[in-house]
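The values are calculated or read from the model by the stated rules, or taken from the named source; none is laboratory data. Note that the structure is a prediction, hence the values are computed from the model and not measured. Cβ: placed from backbone, ideal geometry, glycine included. Neighbour counts: every protein chain shown. Side chains are part of the model used for accessible areas, which takes the heavy atoms of the whole protein and leaves out ligands, DNA and RNA. Shrake-Rupley method; radii C 1.70, N 1.55, O 1.52, S 1.80 Å.
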Amino acid sequence: MLDSIVELLNKHDFKIVMATGTAAIPAWMARRYPQVMRTGVDGTHQIFGGRHNFCPSSPKFRSAARALASRVAQRYTGEKNLVCWHVNNEYGNGGGYCYCDTCAQEFRHWLERKYGSVEALNRAWCMNFWSHTIHDWSDVVPPVTYGDGIGTDKCVISGLQVDYRRFQNEQMLACYTIERDAIREFDTETPITTNLMGTFKDLDYFSWGREMDVVSWDNYPGMDTQPSFTAMCHDLMRGVGGGKPFMLMEQTPNQQNWFPYCKVKRPGEVGKLSWQAVAHGADTVQFFQLKQSIGGCERFHGAVIGHDNSDRSRTYREVRALGSDLQDRAKQLMGSRVKARVAVMFDWENYWSLEGCVGPTQGLHYPDEVHRFYRPFWKRNVAVDMIESTADVDVLKQYDIVVAPTLIMVKPGVADNLEEYVRSGGRLVTGYMSGIHNEFDLVIPGGYPGPLRELCGLWVEEIDAIAPDATIDVNLGGEEAGDHADGTIVASIIELEGAQTLATYGGDDFYAGTAAATVHEVGDGKAYFIGTALDDAGMSALIDPIIDESGVPTIDAPENVEVMRRYADDGTVFTIVTNTGDEATEWTDEQGVLHQLNPFAVLVLTNE
Ligand SMILES: [Zn+2]
């Protein structure tokens, strides 16, 4: 069957991204080898059905997946139009981790290798809490909901939760590398990838990026997704791939099917979303799906060829026009790079640590908090690189501004790197919920923000939670009525230890009048601390002067118009302008030329 499809694709000169087909366990395998099936956090052992349903530790699954990948590689290596290998599909999607006996046993071995002794484990996890001290490795159990797990995100012992996430990430990644290596035995040249999912929580994508030839990802913004959030996801995927161009593996040419309410894409919207990906570093634009299924739960997911089975649909025509536009630019654009002077940290262990907190609020969603700090840069068309918190100090020094949102887990070396970066003239922006945990997810004693306390020149004595329907007034320091913003979610109650106040809490609470945002000059640089999750205008009011002072270039454009640049080796500079909104607007470029921008319009300019 696959031979006939490949032949057809070759005949019509389609490029081929060949998948290995291991993401859904077939019925015969579930019947013959039930141990390959995943066990959920509540202990339910899965039977045949669904997908992403394998146990990543299962030796039988691993050997069968290796065999299948190997056979496919053996058969199709050297195929004329084969341009990429695609291992499995969206690892972890919808399934979550496995909590079976095999995984539990592997986890104990993993811990033994990491900690060496049960005593060291007890210390690392603070196991004297609630009489949790263990005396034998066999006492360790995964964070299941009928044990220490509190749902899938939180746990009585947070170190257990974070370590289990690290362990499952490694198990899943091993499944990828096993298939990758099987393909490499036959094909030494064609790039190998798997499709990632932006800010997906369960897998530390930076560790994946290091194993992938090229990063690819699936972009499915929802009805309420802000264009700046989509932009951040593209930048994150580019960062995971080490800054190289990435592949947009999947997007839908029309509506999604899994949201409660699925809007159709408006005329021009699919072009806008595709070009936004290109603007942020994508070198391919692909779709799921080509032909719309007549059965199964994705039958209402958009397709290039819909249920009408013709080339007359609006969707088909828009995709064809997009293909033609991309074709015109592809040769020049491919391989060109985004250049950024601002870095925003995104760290998966930090994600797990922050959302694993039981208290002081359940209102913190890590990607949203990173986005809160990212957005002021996006609004001024400042290119941003997304980096790990453990980035080398030489990497940090390449940037004029480094942003560390909710950096709750400060891993070894990170505080020293940040201090050296600031001393040498860098600008660090951090804030609420930062500097609290070490790499074992234990509180670093001595007052928040722990190892960042001296650098930030302040002590966060208490962290107040703000109710979901409430805000706290923040006085931004100016004289005008508009110089106020709303703080949300948490308010850091700050005692200054050398920092200067940039904003204060208003209202009439006991900490009214104290610092809500600060700056501390250290060496040749500055460390900024934003104490509460400010609204959009408030974040911009604090971050705009930092951008201006740093000299990082900005590009003026109306709200919702995004201007991004890619730089080719031959000196060509592409300016990609997208009207991300559904209303017509206009933009004056840096040469003073006025451009009319229809809803979702895209403009590609070059310096030629
Ligand atoms: Zn398992």
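Write down the Å³ per residue value for the convex hull defined by the alpha carbon atoms of segment 378-480.
Details: hull volume 16.8 nm³, N = 103.
With only Cα atoms used, segment 378-480 gives 163 Å³ per residue.
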*Exposure rank, largest accessible area first [212, 1; 1.4 Å]*: 1, 212
*Under a point spin-label approximation (7 Å from Cα along Cα-to-Cβ), what is the residue 80-residue 189 distance to one decimal in nm?*
1.5 nm
*So what's the projected area for the chain, the Cα convex hull averaged over all directions, in nm²?*
29.5 nm²
*Quick one: compute a quarter of the convex hull surface over the Cα atoms of segment 188-240 and quote it in nm².*
4.0 nm²
*Got a sec? What order do 263, 331, 244 fall in by accessible area at 1.4 Å, biggest, i.e. largest, first?*
331, 263, 244
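How high is the relative contact order of the chain, given as a whole-number percent (alpha carbon pairs under 8 Å, six or more residues apart)?
Working: 1209 pairs, mean separation 60.1, N = 608.
Reported relative contact order: 10 percent.
With a 1.4 Å probe and all protein chains in place, put 540, 138 in order of accessible area, largest first. Provide the component values of the computation, followed by the final result.
Details: 540 10, 138 75 Å².
Descending accessible area places them as 138, 540.
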*asked:* How large is the Kirkwood hydrodynamic radius of segment 438-520, counting all unique pairs of alpha carbons, in Å?
replied: 13.7 Å
*Quick one: if the Förster radius is 45 Å, what FRET efficiency do residue 595 and residue 510 give, using the C-beta to C-beta distance and rounding to 0.05?*
0.30
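What Kirkwood radius, in Å to one decimal, follows from the Cα pairs of segment 372-438? Don't skip to the answer; put the middle values down first.
Details: mean 1/r = 0.0804 Å⁻¹.
That comes to 12.4 Å for segment 372-438.
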*First measure r as the distance between the Cβ atoms of residue 443 and residue 395, then evaluate 1/(1 + (r/R0)^6) with R0 = 25 Å and state the FRET efficiency to the nearest 0.05.*
0.35
*Would you calculate, for the chain, the mean residue ellipticity at 222 nm contributed by helices, counting each DSSP H stretch of 4 or more residues as -39,500 (n - 2.57) and dividing by all residues, to the nearest 500?*
-9500 deg cm²/dmol
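Looking at segment 46-134, which trypsin sites (Lys or Arg not before Pro) are in a loop (DSSP not H, G, I, E or B) and have at most 11 other Cβ atoms within 10 Å?
Values: sites: 51, 60, 62, 66, 71, 75, 80, 108, 113, 114, 123; in loops: 51, 80.
When the trypsin sites (Lys or Arg not before Pro) of segment 46-134 are filtered for loop state and at most 11 Cβ neighbours within 10 Å, 80 remain.
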*Farthest toward positive dipole pole in the chain [+1 Lys/Arg, -1 Asp/Glu at C-beta], among 383, 545, 501*: 383
_Cross-link partners of residue 11 among lysines (Cα-Cα below 21 Å; sequence separation of 8 or more within a chain)_ = 80, 291
*Please provide three numbers in whole Å: the alpha-carbon extents of segment 494-547 along the principal axes, with the largest listed first.*
37, 27, 13
*At 1.4 Å probe size, with every protein chain present, just tell me what the per residue accessible area of segment 443-602 comes to in Å².*
46 Å²
_Positive end of the dipole of the chain, charges at C-beta (+1 Lys, Arg; -1 Asp, Glu), about the Cα centre: which of 408, 69, 117 has its Cα farthest in that direction?_
69
_So if I place +1 on the C-beta of Lys and Arg and -1 on the C-beta of Asp and Glu, and nothing else carries charge, what would the dipole magnitude of the chain be about its Cα centre? I want it in debye, nearest 20._
3080 debye
_18 Å reach of a label modelled at residue 328, 7 Å along Cα-to-Cβ, counting backbone N of segment 571-608_ = 573-579, 595-608
*Please identify every one of the GluC sites (Glu not before Pro) in segment 468-567 that sits in a loop by DSSP and has no more than 12 other beta carbons within 10 Å of its own beta carbon.*
479, 480, 559
*Between residue 261 and residue 126, how many nm apart are label points set 7 Å from Cα along the C-beta direction?*
4.3 nm
*Provide the descending list of Cα extents for segment 86-199 along its principal axes, expressed in whole angstroms.*
54, 28, 22
*How about segment 242-333: which chymotrypsin sites (Phe, Trp or Tyr not before Pro) there are in a DSSP loop, with at most 13 other Cβ atoms within 10 Å of their Cβ?*
258, 261
*Considering only the other residues whose Cβ falls under 12 Å of the Cβ of residue 115, what net charge follows from Lys and Arg at +1 and Asp and Glu at -1?*
+1
_Scattering curve values for segment 306-406, log₁₀ I(q)/I(0), Debye with Cα scatterers, q = 0.20, 0.23, 0.24 Å⁻¹_ = -0.98, -1.14, -1.19
*From the phi of every residue in segment 21-31, what ³J(HN,Hα) in whole Hz does the Karplus formula 6.51 cos²θ - 1.76 cosθ + 1.60 yield, where θ is phi - 60° and glycine or proline is x?*
x, 10, 8, 9, 6, x, 4, 4, 6, 4, 6
